[in-house]
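Comments concern the structure below.
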Amino acid sequence: MNLLKRILGMLWIMLSIAAAYFCVFEFGLPKLFSEKQDDLVFGIIILFILTPLIVLGLGTFGYFSLIGEYDKKE
């Protein structure tokens with residue numbers, strides 16, 4: 001079970017990298033440089049509020065899983 005937790009920790013870290021890419025390059029920057037004001041507000045929210053929350057949350061959880069913080073101690 002501990003091996004599964006470590007493998008899933010690597011998966012969470014990869015998901016955080018993928019989320020960072022998609023939040024910045026697919027959702028945030030195109031909306032930030034759009035002509036519409038609604039898109040500008042959405043781009044700012046995505047880039048400066050949601051992206052750090054998502055990436056840091058997934059990355060921290062994956063890191064702690066990878067180093068064995070959630071292993072069952074006997």
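Coordinate-derived values only; no laboratory data. Keep in mind the model is a prediction, meaning the values are calculated, not measured. Heads up, the Cβs are rebuilt from the backbone with ideal geometry, glycines too, and the neighbour counts pull from every protein chain shown.
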Exercise. Just give me the residues in segment 11-59 being closer than 30 Å to TYR70 by Cα and touching a helix residue (DSSP H, G or I) at 6+ places or on another chain (Cβ under 6 Å), in sequence order.
Key: TRP12, ILE13, LEU15, SER16, ALA19, ALA20, CYS23, THR51, ILE54, VAL55, LEU58, GLY59
Quiz item: Is it the case that some residue within segment 30-47 is among the hydrophobic types (A, V, I, L, M, F, W, C), surrounded by 11 or more Cβ atoms within 10 Å (Cβ to Cβ) and touching a residue at least 24 places away in the same chain (Cβ under 8 Å)?
Solution: yes
Self-check item: Any hit, segment 44-65, residues being touching a Pro at 6+ places or on another chain (Cβ under 9 Å) and more than 25 Å from ASN2 (Cβ to Cβ)
Solution: no
Quiz prompt | Residue satisfying all of: in segment 48-67; surrounded by 13 or more Cβ atoms within 10 Å (Cβ to Cβ) and either of a type in the set (A, V, I, L, M) or over 20 Å from the mean Cα position of the chain (by Cα) (or both); farthest from CYS23 (Cα to Cα) among these | solution = LEU66
Quiz prompt | Failed condition for TYR21, given (1) of a type in the set (Ser, Thr, Tyr); (2) surrounded by 17 or more Cβ atoms within 10 Å (Cβ to Cβ); (3) within 14 Å of the chain's Cα centre (by Cα) | solution = (2)
